[in-house]
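The values are calculated or read from the model by the stated rules, or taken from the named source; none is laboratory data. As the structure is a prediction and not an experimental result, all values here were calculated from the model. So basically every Cβ, Gly included, is an ideal-geometry build from the backbone, and we count neighbours across all protein chains shown. In case anyone asks, the SASA skips ligands and DNA or RNA and just uses the protein heavy atoms, side chains included. Shrake-Rupley method; radii C 1.70, N 1.55, O 1.52, S 1.80 Å.
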Amino acid sequence: MNKTIEISDQPRLSLPRTVRITIDGIRYRLFRAAVTVAVIAVAVAFLMNILSESLIKRAVAEDTHERVERSQFVHNWMARLSAPGTIEAILKELASVELTSPIANEMSSMSGLSDAEFARFYENASAASKCFAFFADLDYAKRRNLVHTAVSVEVFKRLRTPDGLEQFEAILPTMKSLRFPLSGEELTAFLQAWPQTLAQAQNVQEGRKKAIAGIKAKRGQTAILTSLADAEGQFGNDIRAAGFHFDGDAVAPVVAEQARALLDARRLEKSMEQKTTRQAIAQHYNILPADVNVILMWKYLRSKKSARTYLEKMEECEVDTSGLTPERLTILANVRQAEKALVRAQRLTVGTGEGWMGLGERLSWLLLVSMMVCGIGISNAMLMTVTERFTEIATLKCLGALDGFIMLMFVLESCFLGVVGGAIGAVLGCLIGLGRMLSAFGPVFAGSMPALDLLAGMFIAVALGVILAAGAAVYPSLKAARLAPMEAMRIE
Amino acid sequence: MEQQSPQQSDAEKRRVIIRTVGLKKSYIMKGVVTEALRGVEVEIVTGEFISVMGPSGSGKSTFFNMIGALDSPTVGRVFIDEVDVAQLTAEELAYLRCHKIGYIFQSYNLIKYMTALENVTTPMAFGGVMPDEARERGMELLDIVGLKDRWHHRPIEMSGGQQQRVAIARSLANQPSVLLCDEPTANLDLKTGQEILEILQRLNQEKGVTIICATHDHRMLDICDRLMWIRDGMIERIARREDVHIEVGTIGGESN
């Protein structure tokens, strides 16, 4: 009987040996690998740059909101202490706080309403505020269709007329994209209670008017800003006595300080009218005195040395310099710079908070595009790497390599390249993003960088690089592994 | 698996190792069917040294790829050690290529990033030999081809002849029954070509390895047992060396 060969299945090569062979291969083709890594790095860096900038912008936007609010305490209080505000403003203000908050308490006591009444008023104010927001978002045509030319509280007056409500309810369902915040019953109940709500809001307005009149009597001819500079002292007590909720510990010192800074700033800006002071600045920047403006003055005052010179010049022309020191001028100049940065940050971060991950409509689109660019770039690089090694694949198959081994070898290789390229790209992209954002927003925001988010973003970027690289390697290597060895050799 | 026993009354060691039945292969290129092989039937027994000759385009390389299980025939069958190659799975094919056949190519095809020793031990690794044993055997094989002291060199640091010798050592890694050489001396000068031929002859005589060798090299005539001419995808003629000897003049002129 004739002997037959005993064909048993090939053993699989152990993973460590596969890894070693792969690394040897990469080391031999170091330049080629470096180019591939560079492609991956650039793609991932692009992606990471967009991601990091988006994350930073989002963090800065949140931070800015708080800071801007705080920096405008004095303006808010100046407004509060000089005018009672419109009905709409009162309703909105109430709706934006909790029923038990100090502001709600203040309104409650000023309006002279009972607790139960005020609670009803609070409910209606919330509903009114939702309606205001709804109508504010409408474009003119839709708005005119729904409520004709009525604005603000007039809207509710119009809706209370049978015609007005009929028109509104007939047309609203035809506007498919709109969602009215109140249900039918809620709206009916709200409109029914509207005269009462309006009267209550007017009560609040009246109460405020009285309180403001009282304060006005107290401060006499003094300008409100000057009075507010004393917010920590007697004037603060006057405000509280008039019925306003004016926190003596948390708010008063800030308001007083901001009022003083504002006064000093006005004085400084006024000092620019003097020829001597203008000349000092003009000399420093080597321009004509006529070209000196307020912006230049603030820039000039940022250094203590020029602040000292400027103060001397002010004294020379007998401008009132009481309470001003070079340090104070420098501080004022720097605060002003920080405020400018805040305003700029607010402007630059407009629109963040929507779209994917709250990154903003434009940025999430950019992110998607950059991901596609990243994928195509990496696929191309991997495709080249695999196709140029067809002969090697064929030879390995002649030596008895399994298809799985060849696949694994290429997927491993691209994983290595992906990890290295991805890491380089992620760090690079993140650094560029940080640098760009810091220079755009100013160093004021160095503290508000979202370190954890950025780290997570870097991980995502690296993972994406690896997945894309490995994914891109699978198809060509599968194709190469499946080919008969001679076919593969011929393709080369 | 098919098990036929052709005229096989001889001793065990003279058994048929490669047999083809009605082997045909056609390629379709731009809609034109090109027939590279048109029905080749051949039997090769163990321990033989066969030279395959033929002008280029004769289907010589295609024939080689068929009997080396590197390509599948359009029609017909290839039996290696009485196993029908067409019926093997991918894993079994890999096993066959790893253990039963050694390949030597015209352009050496060493793995560029591996040292000579690693090149020789790679097939062993695929075959499941332990690293230490593989190293030992690899050094023995390199010794046979006279490159023991160059084991740590990469292909790029070696001459063509040396690379081909490493390739021969690699092809012997798993003690194959058949050695397929596709014009092993074509890229080498006369002297190094001669060395390669001597190594092949020695392997054939001392170790009893079956060698099938495609070649244009007339020196092959001196060392082979049988000669086979392929022309236009058909076997033109098979002859023993002794019979051909007298006609060397004419044939030499034709096959060169």
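Taking the criterion of being in a loop (DSSP other than H, G, I, E, B) and surrounded by 14 or more Cβ atoms within 10 Å (Cβ to Cβ), the residues of segment A:223-257 that qualify are A:A229, A:D230, A:A231, A:E232, A:A242, A:G243, A:F244, A:H245, A:F246, A:V251. Give segment B:147-174 a look and list any residue that's touching a residue at least 40 places away in the same chain (Cβ under 8 Å), in a loop (DSSP other than H, G, I, E, B) and either more than 10 Å from every other protein chain (Cβ to nearest Cβ) or in contact with a His (Cβ under 9 Å, 6 or more places away or on another chain) (or both), or say none. Once the filter is applied, which keeps residues that are touching a residue at least 40 places away in the same chain (Cβ under 8 Å), in a loop (DSSP other than H, G, I, E, B) and either more than 10 Å from every other protein chain (Cβ to nearest Cβ) or in contact with a His (Cβ under 9 Å, 6 or more places away or on another chain) (or both), segment B:147-174 yields B:M158, B:L172, B:N174.
For (1) in a helix (DSSP H, G or I); (2) among the hydrophobic types (A, V, I, L, M, F, W, C), each residue gets a yes or a no:
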site	(1), (2)
A:V74	yes, yes
A:M78	yes, yes
A:E93	yes, no
A:T100	no, no
A:I103	yes, yes
A:E106	yes, no
A:S109	yes, no
A:L113	no, yes
A:A119	yes, yes
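Okay, residues lined up against (1) open to solvent by 60 Å² or more (accessible area, probe 1.4 Å); (2) within 12 Å of chain A (Cβ to nearest Cβ); (3) modelled with pLDDT under 90:
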site: B:G31; (1), (2), (3): yes, no, yes
site: B:V40; (1), (2), (3): no, no, yes
site: B:G54; (1), (2), (3): no, no, yes
site: B:S61; (1), (2), (3): no, yes, yes
site: B:M66; (1), (2), (3): no, yes, yes
site: B:T89; (1), (2), (3): yes, yes, yes
site: B:L93; (1), (2), (3): no, yes, yes
site: B:L96; (1), (2), (3): no, yes, yes
site: B:F105; (1), (2), (3): no, yes, yes
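Summed over segment A:129-185, the residues that are free of Cβ contacts under 8 Å to residues at least 24 places away in the same chain, outside any helix (DSSP H, G or I) and closer than 20 Å to A:I90 by Cβ give a count of 2.
Residues in segment A:18-72 that are open to solvent by less than 20 Å² (accessible area, probe 1.4 Å) and within 14 Å of chain B (Cβ to nearest Cβ): A:T18, A:T22, A:G25, A:A33.
Each residue in segment A:344-382 was checked for being surrounded by fewer than 16 Cβ atoms within 10 Å (Cβ to Cβ), over 21 Å from A:S439 (Cβ atoms) and modelled with pLDDT of 75 or more, and 7 of them qualify. Taking segment A:395-492 and the helices (runs of 4 or more DSSP H) fully enclosed by it, the elements with 3 or more residues that are farther than 22 Å from A:V373 by Cβ and among the aromatic types (F, W, Y) are at A:403-441.
Pick from A:F416, A:F405: which is under 23 Å from A:D24 (Cα atoms), away from chain B (no Cβ under 14 Å) and in contact with a Ser or Thr (Cβ under 9 Å, 6 or more places away or on another chain)? None of the other options fit; the residue is A:F416.
I want to confirm something. Restricting to segment B:6-29 and keeping residues that are at pLDDT below 50 and within 30 Å of B:D232 (Cα to Cα), which single residue is surrounded by the fewest Cβ atoms within 10 Å (Cβ to Cβ)? Among residues in segment B:6-29 that are at pLDDT below 50 and within 30 Å of B:D232 (Cα to Cα), the one surrounded by the fewest Cβ atoms within 10 Å (Cβ to Cβ) is B:Q7. A single member of A:E273, A:E318 is at pLDDT below 80, outside any helix (DSSP H, G or I) and surrounded by fewer than 17 Cβ atoms within 10 Å (Cβ to Cβ), and it is A:E318. The residue pairs whose first member lies in segment B:64-90 and is closer than 14 Å to B:A36 by Cβ, whose second member is charged (D, E, K, R) and open to solvent by less than 30 Å² (accessible area, probe 1.4 Å), and whose beta carbons are closer than 7 Å, counting only pairs six or more residues apart or on different chains, are B:N65/B:D71; B:M66/B:K25; B:P73/B:K25; B:T74/B:K25. Residue pairs whose Cβ atoms lie under 6 Å apart, separated by 6 or more positions or on different chains, with the first residue in segment B:126-142 and more than 11 Å from chain A (Cβ to nearest Cβ) and free of Cβ contacts under 8 Å to residues at least 60 places away in the same chain and the second open to solvent by less than 90 Å² (accessible area, probe 1.4 Å) and part of a helix (DSSP H, G or I), are B:G138/B:L117; B:G138/B:V120; B:G138/B:T121; B:L141/B:V120; B:L141/B:A169; B:L142/B:A169. Take the conditions (1) open to solvent by 30 Å² or more (accessible area, probe 1.4 Å); (2) under 17 Å from A:P195 (Cα atoms); A:F118 misses just one of them, which is (1). Could you say whether any residue in segment B:111-125 is in contact with a helix residue (DSSP H, G or I) (Cβ under 7 Å, 6 or more places away or on another chain), within 14 Å of chain A (Cβ to nearest Cβ), open to solvent by 10 Å² or more (accessible area, probe 1.4 Å) and polar (S, T, N, Q)? Yes. Of everything listed in (1) out of contact with any Leu (no Cβ under 8 Å at 6 or more places or on another chain); (2) open to solvent by less than 40 Å² (accessible area, probe 1.4 Å); (3) on the phi < 0 side of the Ramachandran plot, the single unmet condition for B:L142 is (1). Within this structure, A:V427 passes the test of being away from chain B (no Cβ under 14 Å) and either touching a Leu at 6+ places or on another chain (Cβ under 8 Å) or more than 16 Å from B:I111 (Cα to Cα) (or both).
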